[in-house]
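Peer 1: A single structure is presented below for examination.
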Amino acid sequence: MQIDQLPDAIAALPAEERALADRLFRVVVTEGAIVPPPEMAPWLERTFGSVEATLRQRIVRVTNRWTFEGATFNPLRSRRPGSGTTQAAPATPPAELRERIERSSGDDFCDPEHRTPADTFGRISGRHVITAANVAKADGWHSVGVFDRHDPLAIDDDLVADILATGGEWASRAHASDADARYFFLLWNCLWRAGASLVHGHIQMTLSHSMAHARVELLRAAAQRYSQETGGDYFADLAAVHTALGLAVGDGKVEWFASLTPVKEREIVLFAPTYQDGILEPAELGTLAEPLAETLRVAQEQMGVFAFNASVYGPPLATSSANNADDDWRGFPLVARFVDRGNPLAPTSDIAALELYGSSVIASDPFDVVRTLQAAIQAGDDNEDDDSL
Ligand SMILES: [Zn+2]
């Protein structure tokens, strides 16, 4: 299965899933043609395998009818020179990347207690993460979780679990100091290519007043409109369509799938139900630890992804006020999203005018992404079985 067969795959779904897919997505397939001069033939062959492959190209555009997230897939683009997409291969960081990471050692985050400010309530010290107030804040509450290791690629299960635990504890403390700050957002920019200004491993967190960040509100509003107009549960239906198409992984506790409308390369999405409908309990962020850690491990080891963004968010924290109007957030799950930002050493940006103002242009195939993820998880399970013998 490849993304250019998506219309057939949807048509072949059982009636109920097919109706959901049509309700959620609009899929437009189009063909583009080129007429290259003979002089270009050697280069086309070298770059794309054959001249024929380039003459007629199938382009698949998937648009989410509710959120208007949209992706345009053309697998040929991944072979384009300088596309910056990482290759699906067992990978260790290239020597130049390794060297640049090592050369940046000794930065401010290597000594957070003396070289970063604390929040007004102090610092949260986890097993591997210590918090610091962001010097130039993007929100009233905006802090950093600094890892106990410089290397931003030295990520393991225990670190991911501690990021979520420490992030949740930070949210609780900030909320205790400022009851109106309720909208939690965790962001992870790994390496400069993904927007990190310091190489040293770190995440950031905000806790906002009045409303969540704009794109979270957009998602909430879209899910609400979906529910009002169709009677369906947006998040459950979105996961069900991805599952029906073979794009999901996991054990059913957490919805876990490769997105059909990735914001950029290889987007992987996680949904977990909250303990209490419409409320985020900071301690429950840990629900996402295992699948998120597994996603990051497979991305780095099997897909060669080193520069990435991830985010974690959910409904607002509880308020003591009796008449809070949080019906708006009913059904909103705990969400994590992960995206590959391509080759960290590439000289061009992976995000340009089309991404900012149009639709995302995607070279990676979500069906390939999920196959890699499924295979790695299966191999991991088999190893565990072996160990227990
Ligand atoms: Zn450092």
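Peer 1: From the phi of every residue in segment 17-29, what ³J(HN,Hα) in whole Hz does the Karplus formula 6.51 cos²θ - 1.76 cosθ + 1.60 yield, where θ is phi - 60° and glycine or proline is x?
Peer 2: Once θ is set to phi - 60°, the couplings for segment 17-29 become 5, 5, 5, 5, 4, 5, 6, 8, 10, 10, 10, 10, 10 Hz.
Peer 1: Mind giving me the nanometre distance, one decimal, between the label points for GLN276 and ASP382, set 7 Å out from Cα along Cα→Cβ?
Peer 2: According to this spin-label approximation, the distance is 4.5 nm.
Peer 1: Taking θ as phi - 60°, what are the ³J(HN,Hα) couplings along segment 149-157 by the Karplus curve (6.51, -1.76, 1.60), each to the nearest whole Hz, with x for Gly and Pro?
Peer 2: Computed from phi, the couplings for segment 149-157 are 9, 6, 4, x, 9, 7, 10, 9, 4 Hz.
Peer 1: Can you tell me the relative contact order of the chain? Whole percent, Cα pairs under 8 Å, sequence separation 6 or more.
Peer 2: Values: 736 pairs, mean separation 79.2, N = 389.
Computed value for the chain: 20 percent relative contact order.
Peer 1: Express the C-alpha Rg of segment 206-333 as a ratio against the empirical globular expectation 2.2 N^0.38 Å, rounded to two decimals. Each step should come with its number before you reach the end.
Peer 2: Values: Rg = 15.5 Å, N = 128, 2.2 N^0.38 = 13.9 Å.
Here the Cα radius of gyration is 1.11 times the empirical estimate.
Peer 1: Bin width 5 Å, origin at 0, all Cα-Cα pairs of segment 3-79: what percent of pairs per bin?
Peer 2: 3, 14, 20, 18, 14, 11, 9, 7, 4, 1, 0
Peer 1: Sorted from largest to smallest, which semi-axis lengths in Å does the alpha carbon gyration tensor of segment 262-384 give for its equivalent ellipsoid, taking the root of 5 times each eigenvalue? Don't skip to the end; give the middle numbers.
Peer 2: Working: eigenvalues 188, 91, 26 Å².
Output for segment 262-384: semi-axes of 31, 21, 11 Å.
Peer 1: May I pose another question? Along the Cα→Cβ direction, 7 angstrom out, place labels at GLU52 and LEU354. What is the inter-label distance in nm?
Peer 2: 2.6
Peer 1: Of all the C-alpha pairs in segment 112-247, what % are more than 19 Å from each other? Don't skip to the end; give the middle numbers.
Peer 2: Numbers: 5344 of 9180 pairs.
The answer is 58 percent, as a whole percent.
Peer 1: So how do THR287, THR230 line up by other beta-carbon neighbours within 10 Å, fewest first? Can you show the working numbers first?
Peer 2: Values: THR287 22, THR230 14.
So the residues, fewest neighbours to most, are THR230, THR287.
Peer 1: Also, quick follow-up: Please report the orientation-averaged projected area of segment 1-158, defined via the convex hull of its C-alpha atoms, in nm².
Peer 2: Values: hull surface 64.8 nm².
Over every viewing direction, the Cα hull of segment 1-158 projects on average to 16.2 nm².
Peer 1: Taking amide hydrogens as modeled 1.01 Å from N in the peptide plane, which residues meet the under 5 Å criterion relative to PHE25, leaving out close sequence neighbours?
Peer 2: ARG65
Peer 1: Would you kindly derive the ³J(HN,Hα) couplings of segment 293-298 from the backbone phi angles with the Karplus curve 6.51 cos²θ - 1.76 cosθ + 1.60 (θ = phi - 60°), listing them in order in whole Hz, with x for Gly and Pro?
Peer 2: Along segment 293-298, the couplings run 4, 5, 4, 5, 5, 5 Hz.
Peer 1: Return the tail of the calculated pair distribution for the chain, meaning the percent of Cα-Cα pairs more than 34 Å apart.
Peer 2: Working: 23573 of 75466 pairs.
Distances greater than 34 Å cover 31 percent of the Cα pairs.
Peer 1: Of all the Cα-Cα pairs you can form in segment 248-291, what percent are over 11 Å apart? Walk me through the intermediate numbers first.
Peer 2: On the way: 644 of 946 pairs.
Summing the P(r) of segment 248-291 above 11 Å gives 68 percent of all pairs.
Peer 1: Continuing with this model, one more query. What FRET efficiency would be calculated for the residue pair GLU102, LEU218, taking the C-beta separation as r and a Förster radius of 35 Å, to the nearest 0.05? Walk me through the numbers before you get to the answer.
Peer 2: Values: r = 40 Å, r/R0 = 1.15.
Efficiency at R0 = 35 Å is approximately 0.30.
Rule-based calculations on the coordinates, nothing more; no lab input. This one's a predicted model, so the numbers in the text were calculated from it and none came from an experiment. Neighbour counts are summed over all protein chains in view; Cβ atoms, including those assigned to glycine, are modelled from backbone coordinates with ideal geometry.
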